[in-house]
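Presented below is the structure to which this report refers.
None of the figures in this text is laboratory data; all of them are computed from the coordinates on show. As the structure is a computational prediction, the values presented were derived from the model and not from experiment. All Cβ positions, glycine included, derive from the backbone under ideal geometry; neighbour counts span all protein chains shown.
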Amino acid sequence: MTIILVLLIILTLLGLPLFIALGAGGIYASIESDLDPVGLIIELYRLANQPNLITIPLFTFAGMTMAAGGGPKRLIKLFDALLGWMPGGLAMAAIVSCSFFTAFTGASGVTIIALGGLLYPLFIQSNYSEKFTLGLLTSSGSLGLLFPPSLAILLYGIVSGTSIDELFLAGIIPGLVLLLMLALYSYKSALVWHAPAHAFSLTKLTRSARETVWDILLPVLIMSGIFGGFVTVTEAAAVTAGYALFIETVIYKEIKLYDDLPKILIDTCKLVGSILIILGVAMGLTNLLIDTQLPSRLLGLIENHISSQLQFLLLLNIFLLIMGAMMDIFSAIVVVVPLILPLALRYNIDPVHLGIIFLANLEIGYMTPPVGINLFIASQRFGKSIFTLFRSTLPFLLIMLIWLLMVSYIPELTLWWR
Amino acid sequence: MYFNFLYTIRLKLIKLEKLFAGTSLVILLTLSLVQVTLRNLFDFGFSDIDVITRHLVLFITFMGAALASEGNQHIKIDCITSIINDTLKQKLKQPLLIISSIVCAVFFWHAIRFWLGEYEYSPDNEQLALYLSLILPAGFFTLSFHFFLLSATINSQPTIIEQDE
């Protein structure tokens, strides 16, 4: 048994697609437990009974459509007009634009690719240091992860069975706190370098607001629709996707139905396929692990050494930071959540709070070596080494770690609405 | 000659996957919008639409996953690959693709067994779901076949020519 498991782990580390590794693990575990591997297909087919699952392709499509339709450019223009007059204003504009955009594209790297290229020369021209620019743009690739309609929140909700509406609501304040902390750091840094800020222009702001009004309406529609009780999350996803397509093809005319739409559709399917196939295949394996009492054995082991909720949270943070640095966020959600959830419940941690802690850790993992995906994407985008980028992100990493402690140990930040 | 033939099949398979994936997403979006409109404006909806849309997500998943294999875009924990040299990386590709093809073939076999079981016992009111669930064996077959074609042609035709979508 050990030989096969070790072999699978080695193959996974050598680049075997994760869903294949999990699938092979599932088949092997079924045979070992004298169970019919058809059970894995039954578990996979349970996906088709998850009503919230259709939100993933629909919200992803909305994000991809906006990315292809010039949304990033319009957003930067608006937030620069709104905040660019302050010291560090451009950085603040970048932080807000990136988080807005990541919320729709699910921190899949699209933010760094779409916005990073636009922002990098702007920062350098505006006297920002290269180190700060690289650090900010690399970190900002995962900033909006806690804002609706984040793909990671949707996936966490589906895997853990937690209400997606509640998770959306819980993520807003922690997300805003992080933006504020990073904005303050940008303000302070810009004062040191005397980065020039442009004069505030109401005309410029009005003009860019008029241009962006359709984009800005989108999150307003989603949030008021869901939290106002007018639409369900699945309905909101359908409306968002339809709306994004409508504004980009009819209003902005940035996307041509015959020339551009097929590529957007295919890119969406590739992204969704690569995430959901892991979810489908892993469902069988995690159920087998649960059947073998793995979570209860883990719980027994942990209870011997850890007595308080505080200690558990600390251990959880360390564990998740390591996982975040080793695994992609979507795989980590699929593989780790079913094992962690019973433990967290035992220590009286609310599943919604756990979700936000979980995603906050993984958000940081995105920029942590060895496999922090933001580092790799930024390395390709800006032509810098991983080491240079990691060094640049260190101040941001530190701020985010302080924020993580706040999110973990002040549950009121996430559960204020209860 | 033999590799060219397999490569041609690979190109055709990609076209087919793109067609299924893109069409499924368009239908999913259209049906979801129809359902939202009916529910909110006329206070009714078709239960069959829910069944179809949920299965369409499976269509998108399998076809999207097959297309992701083509672009080597699957999620991986490739800690080691980022530090090994390109020659070794290239050598590893084929065995990993073969393993992937075999694992998907095993899933394909069990998916067929699952579907046959469903076919035998499925009640009359679940016939639509039964036929839509054919995507499970079809999806794993597509994945297995795609990985096989990639493994067979990766050395002679390593990169794919982007076809019109």
Handout entry: Centroid-to-centroid separation of segment A:316-338 and segment B:21-61 [C-alpha atoms, Å]
Key = 32
Problem - Under the Karplus curve 6.51 cos²θ - 1.76 cosθ + 1.60, θ = phi - 60°, whole-Hz ³J(HN,Hα) for segment A:411-417, x wherever Gly or Pro sits - result: x, 4, 4, 9, 10, 4, 7
Fill in the blank from the handout: Rounded to two decimals, the Debye log10 I(q)/I(0) of chain A (Cα scatterers, no solvent) at q = 0.07 Å⁻¹ is -0.34
Exercise for the section: Using only C-alpha positions, report the orientation-averaged shadow area of the convex hull of segment B:2-159, nm², one decimal. Expected result: 11.9
Completion exercise
Percent relative contact order for chain A, counting Cα pairs under 8 Å at least six residues apart, stands at 25
Practice task
Using 0.36 nm per residue of separation minus the Cα-Cα distance, give me the extension gain between A:T292 and A:A209 in nm, one decimal.
Solution key: 24.2 nm
Exercise for the section: Can you find, among B:G64, B:L41, B:Y2, the residue farthest towards the positive end of the dipole of segment B:2-159? Put +1 on the C-beta of Lys and Arg, -1 on that of Asp and Glu. Expected result: B:Y2
Fill in the blank from the handout: Eigenvalues of the alpha-carbon gyration tensor of segment A:312-405, times 5 and square-rooted, give semi-axes in Å, largest first, of 27, 14, 9
Practice task
Note down the net charge around A:G26, summing +1 for each Lys or Arg and -1 for each Asp or Glu among other residues with Cβ under 13 Å from its Cβ.
Solution key: -4
Completion exercise
Quick numbers on segment A:109-264, Rg and Dmax over C-alpha atoms in Å, give 18.4, 50
Exercise for the section: Kindly write out, for segment A:133-139 in residue order, the coupling ³J(HN,Hα) from the Karplus curve 6.51 cos²θ - 1.76 cosθ + 1.60 (θ = phi - 60°), rounded to whole Hz, with x marking Gly and Pro. Expected result: 4, 5, x, 5, 5, 5, 5
Exercise for the section: Could you check how many percent of all C-alpha pairs in segment A:1-144 are farther apart than 25 Å? Expected result: 51
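Could you tally the net charge around B:L128, taking each other residue with its Cβ under 13 Å from the Cβ of B:L128, Lys/Arg +1 and Asp/Glu -1? Could you put the intermediate results ahead of the total?
Working: positive: B:R54; negative: B:D48, B:D50, B:E118, B:D124, B:E126.
Net local charge, B:L128 excluded: -4.
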Problem - Fewest-first sequence of B:Y2, A:Y120 by Cβ atoms within 10 Å of each Cβ - result: B:Y2, A:Y120
Completion exercise
Quick calc, A:K73 & A:Y187: beta-carbon distance into FRET formula, R0 25 Å, rounding 0.05, result 0.55
Exercise for the section: Specify the residue with the greatest mean-square fluctuation among B:F145, B:F114, B:F20, computed from a Gaussian network of chain B linking alpha-carbon atoms under 10 Å apart. Expected result: B:F114
Completion exercise
So the number of lysine pairs in chain A with alpha-carbon atoms under 17 angstrom apart, 8 or more residues apart or on different chains, is 6
Problem - Nearest-ten-degree value, helix A:151-160 long axis tilted from longest Cα axis of chain A - result: 20
Problem - Computed magnitude of the charge dipole of the protein assembly as shown (debye, nearest 20; Cβ of K, R +1, Cβ of D, E -1) - result: 1700
Practice task
Work from the charge dipole of the protein assembly as shown (Cβ charges, +1 for Lys and Arg, -1 for Asp and Glu, about the Cα centre) and give the residue of B:A21, A:G280, A:A360 farthest towards its positive end.
Solution key: A:A360
Handout entry: Angle between chain A longest axis and helix A:386-409 axis [Cα atoms, degrees, rounded to 10]
Key = 70
Exercise for the section: Diagonalise the Cα gyration tensor of segment B:8-82 and give the resulting equivalent ellipsoid semi-axes, square root of 5 times each eigenvalue, largest first, whole Å. Expected result: 34, 16, 8
Practice task
Be a star and scan segment A:53-85 for residues whose amide nitrogen sits under 20 Å from the point 7 Å along the Cα-to-Cβ vector of A:H198.
Solution key: A:70-85
Practice task
Add +1 for every Lys or Arg and -1 for every Asp or Glu among the other residues with Cβ under 15 Å from the Cβ of A:F358, and state the total.
Solution key: -4
Problem - Size of electric dipole in segment B:2-159: Cβ of Lys, Arg +1 and of Asp, Glu -1, about Cα centre, debye, nearest 20 - result: 780
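Helix-derived [θ] at 222 nm for chain A: sum -39500 (n - 2.57) over DSSP H runs of at least 4, divide by residue count, nearest 500?
-24500 deg cm²/dmol
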Exercise for the section: Output the Kirkwood hydrodynamic radius of segment A:128-219, Cα pairs only, in Å rounded to one decimal. Expected result: 16.1
Completion exercise
Sorted largest first, the C-alpha extents of segment B:33-125 along its principal axes in whole angstrom are 62, 36, 18
Exercise for the section: Could you state the angle between the C-alpha long axis of helix A:351-365 and the longest principal axis of the C-alpha atoms of chain A, as a value from 0 to 90 degrees rounded to the nearest 10? Expected result: 70
Exercise for the section: Taking the dipole about the Cα centre of chain A, with the C-beta of Lys and Arg at +1 and of Asp and Glu at -1, give me whichever of A:W85, A:L182, A:L5 is farthest to the positive side. Expected result: A:W85
